[in-house]
Every structure is written in C-alpha cells, then in structure tokens.
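The values are calculated or read from the model by the stated rules, or taken from the named source; none is laboratory data. Here the structure is a predicted model, which means the values were calculated and not measured. FYI the Cβ positions are ideal-geometry reconstructions off the backbone, even for glycines, and counts take in every protein chain you see.
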C-alpha cells in the first residue's frame, strides 16, 4: 500500500480539515497519527462524502464506457484506450489514489472520531459510504486490499482479500451501519449534502447497497429482499452532486474532461447511441417505447451531451452541473424485476412494467427527471405476447419468453447505467445477456481494471500472481 503522503485533489482540499498529506507541515510528527486535539468527526465528514463521489466518477468510468460502446475515443491517446487490452497499471493510479488515500484513509479516521464522540449515526453514514466505495472497487479489480488496511502505519503492506471475501465483509459492514443508525448521535444536516441528516434515507441506501452486492454475487433472492427495503422514491436517489460553477472544484468530472481537459478526445458514437436512435436498424423504439427524449438527454448527434449551466442550456447527461446517479430507486426496481424474471416470467413482467411506469413519469430523462426539451418519450406496459416467438421483443423467436424478458431488462440497464460502473458489472456478471455489440477487432472481452502501478511499486509482495490481464475474469464474475 502506498504511503499516505499524496495530495488531496482541489475539490477535496477545499472541504477537508484533516488529511494524511504532507501539504501542511509541522502539525504532527507522524501525519497519519491522530492527536488528542484534532478536528471533530463532523469537520471531516463532508470531505469523505466528496472523496467517494469523485472516486465513483473518475476517469476509469470513461474507459468502461469506451469498452461497452457507450462512447468512442477519437483523438490521440484516447484512440488506443478503445481497446481494453491497452489498459495499464498507470490508468488505475488516480482512481486507486482517490480510493485509498483521499477516501478510505479519511473515512477510517472520521469513523474513529465518531466512535470517540459516541455518534453512532454519523458512524453509520460513513460505514455506508465505505461500503459504496469498496464494493465498486472489488467489482472493478477483483481481489483488493481491505481487511489489513490501516491508517496509522505509513509502511502498511496489506494482503489482497479475495473478491468474495470483500463482498461478505461489506454485507456485515452494512448490517452494522443499519444497527448504528438506530443508536445515539446525529448526522450533521448542514454537512450531509445528500440526505440532510435523514436516518431513514441513509437506511434505505444501506439496504440498496446490500441489494446491489447480492446481485453482484448472483444471490438473487437476497438481492430482491433487500431491494424491497431500499430506496423507494426518486427523491431519495443517491447522486453525486456537482454545481457547475468552478473548474477543478465543482464541475461534473465528465464535463471537465470533455470540455476543458481533453476536448475532442471522446465522442458519443457506439452501440448505445444506435440502440436509442429510432432511425437506426437496431433500436429500442417500438409501438410502446419512444426514446427520443432520453437520446437527446444523453447524446447530441454523435457527441455526449455536455449542455448545462456553463452555456445556459437545459442540462444534459454530462453537463457542468449534471448530478450523476450512484444508487437509485430505478436500480432497485430493476433488481426486483430481474430477480422475479429469473423465477417467473409473469412476475418478472409485472415488476418490469412497474419500472417502465416510473420511466413514463420522466424519471431518468433530464437532470431533474423533468423530461428533456419537451421531446417525446413513451414507456407503455408490455404484455406476454410481446416476448413470445415473433413478438416485438422476440422477433426472431430464438429465445424463450423468459430469456427475451431478461434480455430486455439488461438492455435497459445498459442504457440506464451510462456513466456508471454498474453497466460494466452487468456485462461481466451476465455474460452479456443484453447482447451488447462491443468492438470485435480487439482480443477477448473486458473483465476488469489493471492494478495500480503505485500499488505494485509499494506492495509488490501481495499483488495477485499471476498478474491478471484486463481479459481475465474476476472471481465472482467467472
């Protein structure tokens, strides 16, 4: 594990009161050791939240979008990034740094302070966010350092826990968080940028993450049971919040990259825009589905939609002030629909139509679920005949009605999760039930990110051997 002496990114530094960096000298002899006089937990709380949301929206999300045909690298170093076999250890350095230095170190320090202060509700919120980050990490890299990670030893070289072990530990962590939400303390409402201190909403988020991680390991009954206890309204969606007013501080990271850092390096061409475009041969449009508004929200022609506050237009999917969904009500309904469809076509169809009814309220179409530029959308309920042989969702008759329904659910998830790592997780977990057309010019299929070069340099003895390639499946996605 690299020494905890890296910089905190500008946005995090703006909020952080305590850090493990060397930017401020002569505070402690050991910058990783807490003193009796350091800040209260609440003074670090918000920086932990921000560190997680920046990890969830880092450059590697764009990499997975390229691999899944949700965008394309079209200039300079982004052209070779279309090929997952060109993913290198250096490509993971910034995300690894955000995860272990900026996020997990601060999260653990703040948790310790919350325990000292008997503030178990704040501890719970921090545990939930830790589960969010570490669940994403193990999904992306497979085995990762976790159980032996410490904040008080700059020479810490933790072992890599098996992916299945990490998922099990996160379920326990989330159970502990749910219990702690019922104990003493409070979540500071002024600093809780997501839920304003609401323990009920944090509880829903905890159950939602439990549902997601049970889905990752293919425990569909428990995924469904926890999704029913998870986020139950659009207003409770857990979103990365960006205000779009200051470069390198609160711009959406996609916008920062596409408009300021690497303009013209990546566009929106690929399979996803084709699926949404009613004029293409392969598209989702039928007598019950109109994707016009959602297409315009995500893409503008062949470009990713970066309209927003910065140019005075209605905010698109990747605008400067676009909020990025991390864990949502829509995801819970899709988990329920998939779990039901795996046991009963009729139950799965009913549950999927519940999700489509939500879409028909303009949910996920526009940054505030308000539709997009007054354009058309339609998500009418399907009936069993639509998935029967020669039905609109099984035109070739090559699938059973159950498998045709599952394919439709996964195609919807593929579109719904554009800009979110869950699309990449679905592709690997389901062996591409959605039939996504990835680039066939490249060898193999993308299965993981490559371990960080900084971690290799600092913790070589514990790096998994043989060193996994981008096309090697992880343990639970095998």
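Looking across region 155-171, the residues that are assigned to a helix (DSSP H, G or I) and touching a strand residue (DSSP E or B) at 6+ places or on another chain (Cβ under 9 Å) come down to 163, 166, 169.
Could you tell me whether residue 364 is farther than 19 Å from residue 289 by Cβ and at pLDDT 95 or above? Reasoning before the result, please.
Details: farther than 19 Å from residue 289 by Cβ: no; at pLDDT 95 or above: yes.
Criteria not met by residue 364.
Among the residues making up region 238-261, those that are surrounded by fewer than 23 Cβ atoms within 10 Å (Cβ to Cβ), in contact (Cβ under 8 Å) with a residue 24 or more places away in the chain and part of a loop (DSSP other than H, G, I, E, B) are 241, 243, 244, 245, 248, 249, 250.
Taking the criterion of being farther than 14 Å from residue 250 by Cβ, modelled with pLDDT of 95 or more and under 14 Å from the mean Cα position of the chain (by Cα), the residues of region 52-67 that qualify are 52, 55, 56, 60, 61, 62, 63, 64, 65. Scan region 308-341 residue by residue and report those that are modelled with pLDDT under 95 and either touching a strand residue (DSSP E or B) at 6+ places or on another chain (Cβ under 8 Å) or assigned to a helix (DSSP H, G or I) (or both). Of everything in region 308-341, those that are modelled with pLDDT under 95 and either touching a strand residue (DSSP E or B) at 6+ places or on another chain (Cβ under 8 Å) or assigned to a helix (DSSP H, G or I) (or both) turn out to be 309, 310, 311.
Could you tell me which of the residues 222, 205, 215 is in contact with a strand residue (DSSP E or B) (Cβ under 7 Å, 6 or more places away or on another chain) and part of a helix (DSSP H, G or I)? Write out each step before concluding.
Numbers: 222 fails: in contact with a strand residue (DSSP E or B) (Cβ under 7 Å, 6 or more places away or on another chain); 215 fails: in contact with a strand residue (DSSP E or B) (Cβ under 7 Å, 6 or more places away or on another chain).
Residue meeting the stated conditions: 205.
Among the residues of region 434-447, none qualifies, meaning not one is assigned to a helix (DSSP H, G or I) and at pLDDT 95 or above. Checked against the criterion of being touching a residue at least 60 places away in the same chain (Cβ under 8 Å) and either touching a strand residue (DSSP E or B) at 6+ places or on another chain (Cβ under 7 Å) or within 27 Å of residue 67 (Cβ to Cβ) (or both), region 395-403 has no qualifying residue. Scan region 161-189 for residues that are in contact with a helix residue (DSSP H, G or I) (Cβ under 6 Å, 6 or more places away or on another chain) and more than 21 Å from residue 147 (Cα to Cα) and the total you get is 7. With respect to the conditions (1) surrounded by 17 or more Cβ atoms within 10 Å (Cβ to Cβ); (2) modelled with pLDDT of 70 or more, residue 79 lacks only one, and its number is (1). Give the residue, chosen from 264, 301, 308, that is out of contact with any helix residue (DSSP H, G or I) (no Cβ under 6 Å at 6 or more places or on another chain), touching a residue at least 60 places away in the same chain (Cβ under 8 Å), surrounded by fewer than 16 Cβ atoms within 10 Å (Cβ to Cβ) and over 30 Å from residue 394 (Cβ atoms). The conditions single out 264. If you check every pair at least six apart or on different chains, which have Cβ atoms under 9 Å apart with a residue in region 39-66 that is on the phi > 0 side of the Ramachandran plot and crowded, with 23+ Cβ neighbours inside 10 Å first and a residue that is assigned to a helix (DSSP H, G or I) and at pLDDT 95 or above second? Going by the 9 Å Cβ cut-off, there are no qualifying pairs.
Residue 432 meets the stated requirement of being surrounded by fewer than 22 Cβ atoms within 10 Å (Cβ to Cβ), farther than 20 Å from residue 237 by Cα, under 19 Å from the mean Cα position of the chain (by Cα) and free of Cβ contacts under 8 Å to residues at least 24 places away in the same chain.
With respect to the conditions (1) modelled with pLDDT of 95 or more; (2) under 19 Å from the mean Cα position of the chain (by Cα), residue 251 lacks only one, and its number is (1). Filtered by the rule that a residue be part of a loop (DSSP other than H, G, I, E, B), free of Cβ contacts under 8 Å to residues at least 40 places away in the same chain and closer than 21 Å to residue 72 by Cα, region 283-298 gives a lone residue, 283. When 179, 168 are checked against the criterion of being free of Cβ contacts under 8 Å to residues at least 60 places away in the same chain, over 23 Å from the mean Cα position of the chain (by Cα) and surrounded by fewer than 24 Cβ atoms within 10 Å (Cβ to Cβ), 179 stands alone in meeting it. Given (1) touching a strand residue (DSSP E or B) at 6+ places or on another chain (Cβ under 7 Å); (2) over 26 Å from residue 49 (Cα atoms), where does residue 237 come up short, assuming only one miss? Answer for residue 237: the failing condition is (2).
Give me the residue from region 440-459 that is over 19 Å from residue 99 (Cβ atoms) and surrounded by fewer than 14 Cβ atoms within 10 Å (Cβ to Cβ) and, out of that set, nearest to the chain's Cα centre (by Cα). Step through it out loud before you land on a result.
So in region 440-459, the residues over 19 Å from residue 99 (Cβ atoms) come out as 440-447.
Remaining after also requiring surrounded by fewer than 14 Cβ atoms within 10 Å (Cβ to Cβ): 440-441, 443-444.
Numbers: 440: 26, 441: 27, 443: 26, 444: 24 Å.
Among those that are over 19 Å from residue 99 (Cβ atoms) and surrounded by fewer than 14 Cβ atoms within 10 Å (Cβ to Cβ), it is 444.
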